[in-house]
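Enquirer: Quick one: the structure is below, and I'll ask about it shortly.
Readers should treat all values here as calculations from the given coordinates under stated rules, not as data from a laboratory. As the structure is a computational prediction, the values presented were derived from the model and not from experiment. Heads up, the Cβs are rebuilt from the backbone with ideal geometry, glycines too, and the neighbour counts pull from every protein chain shown.
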Amino acid sequence: MIDLGPLAWMVHVAAAFAIAFFAQSVFSPKGREARVVIRAMIPVVILTLLGAGWLPHPVAGMLIGYFGSRAFGSWGSARGGLIAAVIAAVVLMQLGASWLLFPLFFMGLGWLASGGPARGRRRVPKVKVEMAGLPAQATGTPLPVAAPAAEGPLAPFLADARLPAQARAQLVALNLRTQEALSLLKDQGLEGTEGFFVARAIREEYAPEAVQAYLKLPRSLADTGVIQDGKTGAALLSEQLELLLDGVQDIIAGSLQSGGQALLTHGRFLRERFAKVEQDLRVPVMIPAADKVK
């Protein structure tokens, strides 16, 4: 090891950042690639040799988590990253984390027992799940359930794997609610109102533009990189979609009030109309003459 004397504390601070960089790299969507794993290991090796002898141990712990998350699923897509991770494990053991051999050995046995290399060749039958109707909830964003295929300008985004699950659920809700709002206003003859134009703009412009802006972010940082006020791209997208959901819900509530007033007016008319003729509608009861004599 190289003794840096008074600069040793700088090495330990840099080692802490190296841990964060390693975790962000290997657990990102691109962590399946060998070059990403190798790039994350370079500062770990350098800083360990410069004096941060403790560094291999937390990195080795994260490497165990990496193997567990990548190897026991469809490992074929992460083959390059897993091979690089095996090399990284050997390097870490040489740097002092020799204990890593035992958990990896037993993890390897479990992997072989669960199918091993055959796991990467298995094909899961494709089941087409359509996104549609949402059950009403008191709070939060409704989640998608199986139903007929969605239509409209938001439909292409509903099953886009690049979007976070929360955002897709919000888009499903927006697709349903905007369609509901437009149909209600049209049935009530309110197609020329501000609410109708706002609902259509949410469906055709505001929501698609928010999604497209998110999709332009770098894939490796879209869900982890802070953009503003401690919020990531995924958090900002979810926040904007929630605002749009609140807006279209207000339009539906206004439509309910409008339709409710018409219903109440019609009810008053019926009460006034038939209350006046109630006596006229009664059928007189005829008593036979024989009954009167008795």
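Enquirer: Distance in nm between label sites at His57 and Arg162, each 7 Å beyond Cα in the beta-carbon direction?
Expert: 4.3 nm
Enquirer: Trypsin sites (Lys or Arg not before Pro), restricted to the range 167-216: which are DSSP loop and have at most 15 other Cβ atoms within 10 Å?
Expert: The qualifying sites are Lys216.
Enquirer: Another question, if that's okay. How large is the charge dipole for the range 182-256, taken about the Cα centre, if only the Cβ atoms of Lys, Arg (+1) and Asp, Glu (-1) carry charge, to the nearest 20 debye?
Expert: 280 debye
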